[in-house]
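Here's the structure we're looking at; comments come further down.
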Amino acid sequence: MGWQQRITEACQQRRAAGLWRERHQVSQRGASQIAIDGKSYLNFSSNDYLGLSQHPQLLTAWQQGIARYGAGAGASTHVTGYHHVQAEFEQQLADWLGYPRALLFISGFAANQALVAALMASGDRILADRLMHASLLEAAAQSPASLRRFAHNQPPALARLLASPCSGETLVVSEGIFSMDGDCAPLADLQHLTRQHQGWLLVDDAHGIGVSGEGGRGSCWQQQVQPDLLVVTFGKAFGVSGAAVLCSEALAQYLLQFCRHLIYSTAMPPAQICALQAALLLVQQGDEYRQRLQHNIRYFRQRALTLPGSLMDSDSAIQPWVVGDDDRALALAAALRQRGCWVGAIRPPTVPAGSARLRITLSAAHDERQIDSLLEALSDAAGG
Ligand code: PMP
């Protein structure tokens, strides 16, 4: 059919299905406010759960890091990009989360793709929660291993899949707190079942790290679970970007030899790692932020539950308001914007068909007055 026709038709189909995605230009962003296309809004759509992306200690650490080490790492870690601040930060993360080793990645997306590519072989299987993040599902679909998905947060469904024979190795994957539903995985059950079948468990705790568990150590720590592979990301509660994989010494050795994303990609800039070290300290000492976030979640839910609409059962910072119909989700998001609140409308294929939603995210940086504004806007927009 030819390249031009292929890409034109794909775009036409996407438009026709009502699933066209737009990007908006952000001109300014504070911890709880955002300016888009020149207009200012209350921001209820970021993953900056603790409001750290604007914290002066973090900004200063990044600036000082640039002054000391320059802008970039200059090479991959296996060439000359493995800076001493990276070694130090990886050790700090490993000690903090109780693992022998931590390996830094440029992003959570890259980490998930890299692990699947490095670990899975023909004859192996990946058993994934149905709502697992695209970075893992797409990597799984491309890998020589087979992919089976189990019903969301249903250990018996996983048990049924585990019971079927497999000649190779089994990797079970789940998120800690699910990015689009905001609910928490039954990690102890998942770990128990996985171990019973000599599999490995991978937990992607992008939305739990920094927020839940003692000292912000995340959902696994909270549920006293230690997956074989723990993925944590730094673009959310840590307020920066990047990711780390926590694992055993043997697995770290293996990944450093066979993980192509580590070997062939430029290392994270040392200055960014300085910012991440500052973020880690703030997270470790961040009980006050976490308490404020919990207060905001309770404050919002108590009031939102009295409004018309379907608030999902989530006690995390992610508060999905399920609308069902794609166009209605877009219309509601637009109505909220007119009332000064920026909330993302999430549609398939990011979420299952028929479950389009507003993904409302709360932050420690919000105050009650701002949440009241959101509630009023929701009430108006939803006709309550
Ligand atoms: N895993 C989950 C569960 C996520 O929600 C995301 C980001 N949306 C990622 C991984 C990707 O992380 P990053 O943004 O660091 O690439």
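Some observations on this one:
- Ratio Rg/Rh [Cα only; Rh per Kirkwood] for region 56-284: 0.97
- Between A67 and A334, the modelled label-to-label distance comes to 4.9 nm, taking each label 7 Å out from Cα in the direction of the beta carbon.
- Model label points for H24 and A134, set 7 angstrom from Cα along the Cα-to-Cβ axis, are 1.9 nm apart.
- Calculated FRET value between L256 and L59, using beta carbons and R₀ = 30 Å, to 0.05: 0.40
- Each semi-axis of the equivalent ellipsoid for the chain is √(5λ) with λ an eigenvalue of the Cα gyration tensor; in descending order they amount to 32, 27, 22 Å.
- Computed from the C-beta positions of K39 and A16, the FRET efficiency with R₀ = 30 Å rounds to 0.50.
- Coordinate range along principal axes, alpha carbons of region 165-207, Å, largest first: 34, 16, 14
- Fully extended contour minus Cα-Cα distance, from I7 to S146, at 0.36 nm per residue: 47.2 nm
- Segment S76-E376, extension gain: residue separation times 0.36 nm, minus the distance between their alpha carbons: 103.0 nm
- Those trypsin sites (Lys or Arg not before Pro) in region 18-83 that DSSP places in a loop and that have at most 15 other beta carbons within 10 Å: R21, R23
- Computed over all pairs of different Cα atoms, the Kirkwood value for the hydrodynamic radius of region 198-320 is 16.5 Å.
- When Rg and the Kirkwood Rh are both derived from Cα coordinates, the Rg/Rh ratio for region 39-142 amounts to 1.04.
- Convex hull (Cα only) mean projected area of region 1-84, reported in nm² to one decimal: 10.9 nm²
Each reported figure results from applying straightforward, stated rules to the coordinates on display, with no laboratory input. Just so we're clear, the structure is a prediction, and the values are computed from it rather than from any experiment. Counting neighbours? That spans all protein chains shown, and the Cβs are built from the backbone with ideal geometry, glycine included.
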